[in-house]
Amino acid sequence: MGFWVVITLVLIVQIKVEAEFIVTIIDIGEVAEGDTVNFTCTFTGTTTPTRSFFMIHPHSDDVSKYFVNSTLNPVIEYNNNSKNYTTTFTVLNVHMDRRFNYKNLFCSSLWSVKQKRLLVYYGPDDSKMELSGKETGIEGVSVSWKCAVSESNPAVNLTWYNGSTEFTPDSKPVVTSTDGNFKTEQEWKFIYTRDYTGSNVSCVANGYKNKRVTKSKQLQVNFAPELEVKGKNLYLIDKNTMKCYIDEGATLNLTCRMVAASPMTSAEWERRGTDQLVITNVPKRLGSEMFNCKAQNSVDSTYLRVRFVVQYGPEFSNILDKSANEGDNITLNGNILNANPLPVKITWRKVGSAKVLSTNLKLSLQNIRREQAGVYVVEATSLRMRENNTTEEVTGNTTVNVVVKYGPGDSVKLSPNLTTLEVDAGEPVPPVTCSADCHPACHYAWYRYYRTNIRIRITSTAVLKLGNASSTDVGIYMCEAEAYVIGKYLGANVTFELRVKYAPDIKSVVLNEYRRNPYNDSFPITVTSIIRTYPNATITWGISHEKSLSSFLPLDSRYSANQTMTCTYDCEITAILTVFPPLCTDTGNKYSLYATNRKGNSTIKTTHYSVTVTCKPSLANDALINQTYRTCEGAELNMTASFVSIPGPFISWFLLPNTNKYVHYHEGRGGGYTQIFYTTNYYIPVMNRHMFGTYLVKATNYRGVTKIYIQVLNSSCAVDSTTPYLHASMPTHSVATTLPTLPSYSVATTSPTLPSFSAAKTSPQNTASPQKSGQAGVNVASVLPSLLSLLLGFIV
């Protein structure tokens, strides 16, 4: 630590020995290479510098030698006023050159220093300037010349001249600087052309104080021979190719000539050894050949190729006749076999017309009509080349015959001309002739349409002969004219309507929704009939029954009838008969109708099936719902109850109050769906005391139940009172008394006689009719369970 302190003190002492100075290097002004300069440095301070010197940096022996011993003889002056010393050091007669340029001159004492950078202006020098590049070249080759000045300060300006004409290269000068020395370069890039031949190209460098240095070169450009061909109809395609137009059969005469070359040479036709080319009667194949006009020098061989365009045509191939169907789209194709040049104009015309139909090789005839049949001509026009870009039109053509096939179209007509014909049945229908325009000739056929568009072929001739009219002739008659054309039949038709006045004809009468199952008395029954007639007809409905002697019974108020009618060639009536409500007593009915108009009457038509109507059991006609018998003990008693029922009922007798065990039953289901009336008899041979009271008679089928009550009273059996009286109440739901009574309906399989039903009767008494216990109404009880089971199974 003590060592470092000592050193520090020494330095401090040293610094204090040397005072600070103001150092000044006297300006030497602008210096050019070759100038002589004096360098002066002054130190101003309170003392004189103890150690001072000039120094050049960076060091160079050639330059530094001028400043050796530069401080040996200083000039010292003292100023009493400022108390300062001025010490001056001078280096005299320094010969300046570019070596001093950009050097740093230092004037230094121990602790004071002054620096000045030296600038020396020089150049350009002829030895430091170069113009480089090839003076001789081949036309079309790219080349680069460079003008360069390697040393100058400041940088020079470069100017280019072609002879005395100044020009500026595309590239800019490139200037680089190293330690104050400037290097200037500029490239001139160009392509050798024959115009440069003999040109004197100079590069001028202009430097400090307009010092100029010039470098020059003379250009020589060589190029391959240039040729030309002389003759007719020649056109230059590119610099190496010509095109010669000549007509087939003409004479060709061409000359091969030299235009320019460096060095010069001669020209001739290749493989012919002469400058003349002559060909007579030029063929088409010459168009595929090529002739070369040739010359050669030291630069290259040159060929001027001549291609021949042999002009001929246009010539068409023959076109076959064309057939088409009217309405088709057809195309006529013109095929050019030979044409050079190709046609510039195509025209299609129909012979006899000047109208142009198409301007290309295809003629499209859309939706062709018969009027368009005929001969068509197609023409092609080419433009042949002549001298001075002029042309001449040459035309060729061919023809085609167009045949149009057509069907009848709208030409079909009738003779006599009619749309509707109306006759009476039995009268003759006049013959009707059909005709049409077709190519080829038409074939004819007659058809009849009736309502549902049923097509019936009648004849294959043009004349329709129907003879005497009948209702079966009614309808739309269509004559169809047809022609077989290309690949198909073409047809058209014309129609007329035949109306025949005839008596009504009943086509059908049908029970609606008939499926062999019974109808229900809760829903209406309808019958539909279809009647054909012309003119309109009146409809009459009736009833028929196999048990009735009359085949056409009148309807009652439950029946309603309505109808609809559509008329075209004749009238079709849809007649509907509705019965509501239907009754069990309607079972077995069939429904009939007939129609009449002013031409006559129809036959009576009847439904094929009869109706069967189901209902729950009800009292037959005027049977009583409550009855009273008077008899005495020991007497016999025969009680009777009658019902209408489909299907047949199961009838049970109960002695009240016991309704769980019947005292008598009657199985009426054996009558099924064909029997309507059922009578049950309960015969008591000997009345006992316990047999008096109220009896319940219950009739049951799958549609429902009906009950009646019979009261048996015990009274004395006097000789004059053997027939007890019957007190009866009117049934509350008896059968309507306005219905017609059909004797044929009264079928009683369980009783030999049917009671008289008079709804208005209110007799005060009734005579009990004794019956044998072996009658059918009693015997049927033994088979009741099995029949009931069978019937229920059938209904399910």
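Kindly evaluate E166 against the criterion of being assigned to a strand (DSSP E or B) and open to solvent by 70 Å² or more (accessible area, probe 1.4 Å). Please lay out each step first, then the result.
On the way: assigned to a strand (DSSP E or B): yes; open to solvent by 70 Å² or more (accessible area, probe 1.4 Å): yes.
Against the criterion (assigned to a strand (DSSP E or B) and open to solvent by 70 Å² or more (accessible area, probe 1.4 Å)), E166 qualifies.
Please verify whether the stretch 338-352 includes one or more residues that are farther than 30 Å from C244 by Cα, among the small types (G, A, S) and exposed (fewer than 13 other Cβ atoms within 10 Å of the Cβ). Spell out how you get there, then give the answer.
Within the stretch 338-352, the subset farther than 30 Å from C244 by Cα is 348-352.
Now drop any that are not among the small types (G, A, S), which leaves 352.
Next cut, exposed (fewer than 13 other Cβ atoms within 10 Å of the Cβ) only: 352.
Looking through the stretch 338-352, at least one residue is farther than 30 Å from C244 by Cα, among the small types (G, A, S) and exposed (fewer than 13 other Cβ atoms within 10 Å of the Cβ).
I need the full set of residues from the stretch 184-230 which are free of Cβ contacts under 8 Å to residues at least 40 places away in the same chain, open to solvent by less than 30 Å² (accessible area, probe 1.4 Å) and under 27 Å from D300 (Cβ atoms), in order please.
Hit for the stretch 184-230 is S199, nothing else.
Please enumerate the residues belonging to the stretch 173-188 that are modelled with pLDDT of 95 or more and either closer than 30 Å to E226 by Cα or outside any strand (DSSP E or B) (or both).
Across the stretch 173-188, the qualifying residues are P173, W188.
For the stretch 676-691, how many residues meet the condition of being buried (at least 20 other Cβ atoms within 10 Å of the Cβ) and part of a loop (DSSP other than H, G, I, E, B)?
Final tally of qualifying residues: 1.
Would you check which residues across the stretch 5-59 are part of a helix (DSSP H, G or I) and either open to solvent by 80 Å² or more (accessible area, probe 1.4 Å) or at pLDDT 85 or above (or both) and list them?
Quick first cut of the stretch 5-59, residues part of a helix (DSSP H, G or I) only: 5-17.
The answer is V6, L9, V10, L11, V13, Q14, I15, K16, V17.
Out of the stretch 554-571, which residues are farther than 30 Å from V474 by Cα and either open to solvent by 80 Å² or more (accessible area, probe 1.4 Å) or outside any loop (DSSP other than H, G, I, E, B) (or both)?
First, pick out the residues of the stretch 554-571 that are farther than 30 Å from V474 by Cα: 554-560.
Scanning the stretch 554-571 gives P554, S557, Y559, S560.
Filter the stretch 467-478 for residues that are in contact with a Gly (Cβ under 9 Å, 6 or more places away or on another chain) and among the small types (G, A, S); which is surrounded by the most Cβ atoms within 10 Å (Cβ to Cβ)?
Filtering the stretch 467-478 for residues that are in contact with a Gly (Cβ under 9 Å, 6 or more places away or on another chain) and among the small types (G, A, S), the one surrounded by the most Cβ atoms within 10 Å (Cβ to Cβ) comes out as A469.
For the stretch 283-373, please list each of the strands (runs of 3 or more DSSP E) lying entirely inside it that holds at least 1 residues being closer than 30 Å to E482 by Cβ.
Details: elements: 290-296, 301-316, 322-325, 330-333, 336-340, 345-350, 362-365.
Counting at least 1 such residues, we get 322-325, 330-333, 345-350, 362-365.
Can you name the residue in the stretch 491-507 that is open to solvent by less than 40 Å² (accessible area, probe 1.4 Å) and out of contact with any Leu (no Cβ under 9 Å at 6 or more places or on another chain) and is also farthest from V432 (Cα to Cα) among such residues? Walk me through it before giving the result.
From the stretch 491-507, those open to solvent by less than 40 Å² (accessible area, probe 1.4 Å) are 492, 494, 496-498, 500, 502-504, 506; that's our starting set.
Subsequent filtering for residues that are out of contact with any Leu (no Cβ under 9 Å at 6 or more places or on another chain) retains 492, 500, 502-504.
On the way: A492: 17, V500: 16, Y502: 22, A503: 25, P504: 27 Å.
Selected residue: P504.
Looking at L577 and the list (1) touching a residue at least 12 places away in the same chain (Cβ under 8 Å); (2) surrounded by fewer than 22 Cβ atoms within 10 Å (Cβ to Cβ), which single condition is not satisfied?
The failed condition is (2).
Looking only at the stretch 388-416, which residues are more than 25 Å from N325 (Cβ to Cβ) and in contact with a strand residue (DSSP E or B) (Cβ under 9 Å, 6 or more places away or on another chain)?
Here is the first cut: in the stretch 388-416, the residues more than 25 Å from N325 (Cβ to Cβ) are 388-397, 414-416.
Once the filter is applied, which keeps residues that are more than 25 Å from N325 (Cβ to Cβ) and in contact with a strand residue (DSSP E or B) (Cβ under 9 Å, 6 or more places away or on another chain), the stretch 388-416 yields N389, T391, E392, E393, V394, T395, G396, N397, L414, S415, P416.
For A483, indicate whether it is among the small types (G, A, S), part of a strand (DSSP E or B) and out of contact with any Pro (no Cβ under 9 Å at 6 or more places or on another chain). First the steps, then the outcome.
Details: among the small types (G, A, S): yes; part of a strand (DSSP E or B): yes; out of contact with any Pro (no Cβ under 9 Å at 6 or more places or on another chain): no.
No, not satisfied.
Applying the selection to the stretch 170-208, what residues are farther than 18 Å from K134 by Cα and of a type in the set (G, A, S)? Don't jump to the end; show me each part of the working.
Residues of the stretch 170-208 farther than 18 Å from K134 by Cα: 170-184, 204-208.
Once the filter is applied, which keeps residues that are farther than 18 Å from K134 by Cα and of a type in the set (G, A, S), the stretch 170-208 yields S171, S177, G180, A205, G207.
Write out, first by first residue and then by second, each pair whose Cβ atoms fall under 7 Å of each other, whose residues are 6+ apart or on separate chains, and whose first residue, in the stretch 107-134, is part of a helix (DSSP H, G or I) while the second is among the acidic types (D, E).
K128/E151
Cβ-Cβ distance below 7 Å, separation of 6 or more or different chains: which pairs start in the stretch 423-443 with a residue that is closer than 14 Å to A492 by Cβ and end on one that is surrounded by fewer than 16 Cβ atoms within 10 Å (Cβ to Cβ) and not basic (K, R)?
Filtered contacts from the stretch 423-443: S435/S415; A436/S411; D437/S411.
Looking only at the stretch 578-588, decide whether some residue is part of a strand (DSSP E or B), under 60 Å from the mean Cα position of the chain (by Cα) and either among the polar types (S, T, N, Q) or closer than 13 Å to G542 by Cα (or both). Don't jump to the end; show me each part of the working.
From the stretch 578-588, those part of a strand (DSSP E or B) are 578-579; that's our starting set.
With the extra rule that they be under 60 Å from the mean Cα position of the chain (by Cα), the set shrinks to 578-579.
Add one more test, that the residue is either among the polar types (S, T, N, Q) or closer than 13 Å to G542 by Cα (or both), and what stays is 578-579.
Yes.
The values are calculated or read from the model by the stated rules, or taken from the named source; none is laboratory data. Bear in mind the structure is a predicted one, so any value in this text is a computation, not a measurement. Methodologically, a virtual Cβ is constructed for each residue, glycine included, from the backbone with ideal geometry; neighbour enumeration extends over all protein chains shown. SASA here: full protein model, heavy atoms, side chains in, ligands and nucleic acids out. Shrake-Rupley method; radii C 1.70, N 1.55, O 1.52, S 1.80 Å.
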